[in-house]
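Right, one structure below, let's go through it.
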Amino acid sequence: MRSPFVKFFVLFAVVLGSLVIGYYLTTRHSPSLADRPLPPLYSDPIKTAEQPIPATASSPARPDPFILTAPPAPSSPPPIEENREATGGLDPGGFIFPLDGLKRTDIQNTFDDTRGSGRKHEATDIMAPRGTPVHAIKEGNVVKLFNSKLGGLTVYQFDDKQEYCFYYAHLDRYATGLKEGMLLRKGDVLGYVGSTGDAAANAPHLHLAIFKLGPEKHWWQGTPINPYPTLVAIFDNSKK
């Protein structure tokens with residue numbers, strides 16, 4: 001019969017052997033922490049989003065959201081809304097365009113431009129060949145024919161209600177029979193495009209100004225209104 005000491009020694013050897021065999025099997029079939037790949041410490045979300053998405057039959061290729069493309073340039077200026085605020089209280093439907101044979105792009109917004117001595121232009125210049133007939137844009141009486149140093153041959157016309165004055169300048173000559181006080185119907189020829197006054201000889205054009213009259217109804221005095229929105233609206237109406 002074996003002694004208790006021998007039994008304890010045999011039990012201890014069996015347990016120790018089992019632990020050694022288990023450790024050996026574990027390290028043989030499972031990679032150590034040193035052998036395992038480490039996860040990335042940083043992932044760039046922008047670069048991930050920029051990876052191209054392959055096109056498939058059910059999922060067409062999508063444009064890169066980080067690339068901005070400019071829209072194509074319009075072939076002509078965008079239309080201007082016909083409202084009283086944009087045209088200074090004027091109704092474009094009651095007007096006619098003053099010149100024939102022009103394109104919409106020939107109308108330029110020169111109201112805020114400056115001229116000699118830094119004065120504000122407060123009008124629209126419409127370039128046209130010399131001798132092009134100038135039409136009255138609205139019905140009303142001629143109140144003044146004036147040859148000025150700046151404007152050259154000019155016409156001041158009131159509308160029928162005497163609320164607005166229309167100023168045509170740099171004319172080459174007046175229409176035959178034009179005189180102060182006479183009534184001009186909408187579309188009547190009042191003169192011809194030129195370069196009189198301070199206009200360049202090689203740049204004939206119509207200088208058109210519109211101003212709202214004060215209670216005194218002075219042809220030389222009023223509140224300037226930018227003609228550009230009205231002229232563009234008139235032009236667009238004529239093409240409808």
Exposure proxy ranking, count of Cβ atoms within 10 Å, fewest first, for MET127, MET182: MET182, MET127
29 Å Cα-Cα threshold exceeded, pairs from LYS179/LYS240; LYS179/LYS239; LYS120/LYS240; LYS103/LYS161; LYS186/LYS212; LYS179/LYS212: LYS179/LYS240; LYS179/LYS239; LYS120/LYS240; LYS103/LYS161
Approximate shape of the range 149-228 as ellipsoid semi-axes (Cα gyration tensor, √5λ), whole Å, largest first: 22, 16, 11
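FYI, it's all coordinate maths here, none of it is from the lab. Small disclaimer: the values here were computed from a predicted structure and weren't measured. Quick reminder, even Gly has a Cβ in these numbers, built from the backbone with ideal geometry, and neighbours come from all protein chains shown.
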